[in-house]
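Chemist: To start, I am sharing the structure in question, which I have written as structure tokens.
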Amino acid sequence: MNTRDTQCQFTVAPTELASALAQGAALSLPGALINGKCENGGGGQHFVLDPVTGSAIGEFHAATAVQVEKAAKAAARALPSWKAKNRLERARVLRAIADRIEQAHDELAALQRHNNGKPAGEAEVDVLDVINTFRYYGDVCANMKNLQVEDLDLGVASYCAQMHYEACGSVALIVPWNFPMVTTAWKVAAALAAGCTIVLKPSELTPVAELALANLIHEAGLPPGVLNLVFGSADTGRALVSHPGMAKVSFTGSTETGVAVMRECAQRMARVSLELGGKSALIVCADANLNLAVELAVSGAFCNAGQMCSATSRILVQDSVYDEFTSRLKAAVEALKVGGPDANMGPVISARQLEKILGYVARAHADNIPVLAKGHLPEDTPPGFFIAPRVYADVPHDHPLWTEEIFGPVACVRRFSTYQQAVQIANDSQFGLVATVVTENSEAAKTMSDGLQAGLVWINAPQMIFPGTSWGGFKRSGIGRELGVAGMRAYQEMKQVLRTA
Ligand code: NAD
């Protein structure tokens, strides 16, 4: 793909996109990127907003079902050649992609800020995560000798067998808006390592960083047609999920949409992985380092303005430290800087999301739920989708504030007396994505991590996610795992070949 696509004159390079946005120019974005070429979408118009200002920074027309078909065909044509590449060839491309992204670090971070409203530090962490993910899967391809074929030890002399790990085919990858480039990298890098070709649908709210990322991926040497993009909302997503050419769908988004995606996949037995919602717990034990506990509670609930599937928005505190912890938490939340250049917390993504969060705030008010802490919006807060962070106390266990994913800067605190009770309260949720435990007692840590129903338990640790580990949840938080070798295997079929010796 050229820096400036010659067919339609779309700006696609991160440097050009970032400089256009810095100058206040409105971006005219493509509706699809198929076979390395951008094209206008034939569907409905979407405006792309900067959540800090609430104003449009660009627009695009959604990809139609016909364009989804064209993208699927391009992925199908590219499949035999990419699937046949040996692991070292895949490693070379994945490592080149990581290097190319690293060179464009600053511009990509700027695009995350403009299209997602993230404070600078959070945007930079996202870009580093993307680089590390491509580098990790490059290393997996380079070092894992049994990535494609493995000799099996049958324990008998008369037979021998091999396990072949084949790319499952062309795959549909659908991602949300809260960590757009990161979720994309977790899927794209793993699928490429597995030998799959791709049709990716970014969120209609955050297409800019993904477009820039795709440009870099092509510049780094990925052959055209291996990665195709279709931009749009639910209609485009539905056309992609139901396309018979998509052997697998890997979806990240809300549980509600995940159910619809799974139902559609079931019709044609397409493979499916789902990374869905959460309502996770942070447990503060009596022996916790309270400074650390407050730090983890604030970052766990308010990073990315609380728009994290892994938000630990249910904070459980052991009786004897409840008063001390909550008074420190109150001070920390009131000190959060919302908006402005040195902000700790940015805006939420859209007017719709803001309205949804304010609905929960209104419900809490109507039900007389006590506010433990509320941040404030300075007078010079920009005109975008900002909301002050809030913590509520004594929330009944069946109240929507406690049970539903709010996806905004709203947290709840409750007391517990015993470790067993903390685990029971934490597990009393339809979700099971993550949990955090803050304790200086290793036995308490073990009791909790053994008992918690969550795909990842952090002990005294911030929400670090290393690409060689795993990501995914129990219960209605999804099916399957991303990252690590398992994340790559999720894009492969196993074929056993057994013969007489
Ligand atoms: P969403 O479900 O509304 O949309 C997610 C993506 O699916 C978007 O690209 C959207 O356009 C597309 N889509 C919508 N309807 C579709 C349909 N019927 N068929 C196919 N595609 C469709 O979610 P969102 O509001 O963009 O994101 C927020 C949600 O994502 C939250 O619930 C959050 O917990 C979840 N999330 C989960 C993880 C995780 O790893 N578990 C990570 C990030 C976000």
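Chemist: Can you confirm whether Thr500 is open to solvent by less than 10 Å² (accessible area, probe 1.4 Å) and at pLDDT 95 or above?
Modeler: Here the answer is no, as Thr500 does not meet what is asked.
Chemist: Taking Leu290 as the residue in question, decide whether it is within 11 Å of the ligand (Cβ to nearest atom), of a type outside the set (Asp, Glu) and open to solvent by 10 Å² or more (accessible area, probe 1.4 Å).
Modeler: no
Chemist: If you check Thr183 against the conditions, is it under 27 Å from Gly42 (Cα atoms), within 15 Å of the ligand (Cβ to nearest atom) and touching a residue at least 12 places away in the same chain (Cβ under 8 Å)?
Modeler: Criteria met by Thr183.
Chemist: Sticking with this structure for a sec: Looking only at the range 29-40, which residues are closer than 15 Å to Ala63 by Cβ and not aliphatic (A, V, I, L, M)?
Modeler: Those that are closer than 15 Å to Ala63 by Cβ and not aliphatic (A, V, I, L, M): Pro30, Gly31, Asn35, Lys37, Cys38, Glu39, Asn40.
Chemist: If I ask for residues that are more than 7 Å from the ligand (Cβ to nearest atom) and either among the polar types (S, T, N, Q) or within 18 Å of Val182 (Cβ to Cβ) (or both), which ones from the range 249-287 would you list?
Modeler: Selection gives Ser250, Gln267, Ser273, Leu274, Ser280.
Chemist: Which of the residues belonging to the range 250-294 are assigned by TED's automatic domain parsing to the domain that holds Ser442, in a helix (DSSP H, G or I) and free of Cβ contacts under 8 Å to residues at least 60 places away in the same chain?
Modeler: Residues satisfying the conditions are Leu290, Asn291, Val294.
Chemist: Right, next: Looking only at the range 236-259, which residues are open to solvent by 50 Å² or more (accessible area, probe 1.4 Å), farther than 22 Å from Ala167 by Cβ and touching a helix residue (DSSP H, G or I) at 6+ places or on another chain (Cβ under 8 Å)?
Modeler: Within the range 236-259, Arg238, Thr257 qualify.
Chemist: Oh, and also: Looking only at the range 190-217, count how many residues are over 20 Å from Gly487 (Cβ atoms) and of a type outside the set (A, V, I, L, M, F, W, C).
Modeler: Qualifying residue count for the region: 5.
Chemist: At least 3 residues that are open to solvent by 20 Å² or more (accessible area, probe 1.4 Å) and in the same structural domain as Ala364 (by TED's automatic domain parsing) in each: list the helices (runs of 4 or more DSSP H) lying fully within the range 391-473 that qualify.
Modeler: 419-427, 442-451
Chemist: Would you pick out the residues in the range 126-149 that are of a type in the set (Val, Ile, Thr) and surrounded by 16 or more Cβ atoms within 10 Å (Cβ to Cβ)?
Modeler: Result: Val127, Val130, Ile131, Thr133, Val140.
Chemist: How many of the residues making up the range 219-248 are part of a strand (DSSP E or B) and either within 8 Å of the ligand (Cβ to nearest atom) or of a type in the set (S, T, N, Q) (or both)?
Modeler: Adding up the residues that qualify gives 1.
Chemist: Considering every residue within the range 156-176, establish whether at least one is without any contact (Cβ under 8 Å) to a residue 60 or more places away in the chain, in the same structural domain as Glu107 (by TED's automatic domain parsing) and open to solvent by 10 Å² or more (accessible area, probe 1.4 Å).
Modeler: Yes: the range 156-176 contains one or more residues that are without any contact (Cβ under 8 Å) to a residue 60 or more places away in the chain, in the same structural domain as Glu107 (by TED's automatic domain parsing) and open to solvent by 10 Å² or more (accessible area, probe 1.4 Å).
The values are calculated or read from the model by the stated rules, or taken from the named source; none is laboratory data. Model, not experiment: these values are computed from the prediction. All Cβ positions, even for glycine, are placed from backbone atoms using ideal geometry, and neighbour counts span all protein chains on display. Heavy atoms of the whole protein, side chains included, go into the accessibility calculation; ligands, DNA and RNA do not. Shrake-Rupley method; radii C 1.70, N 1.55, O 1.52, S 1.80 Å.
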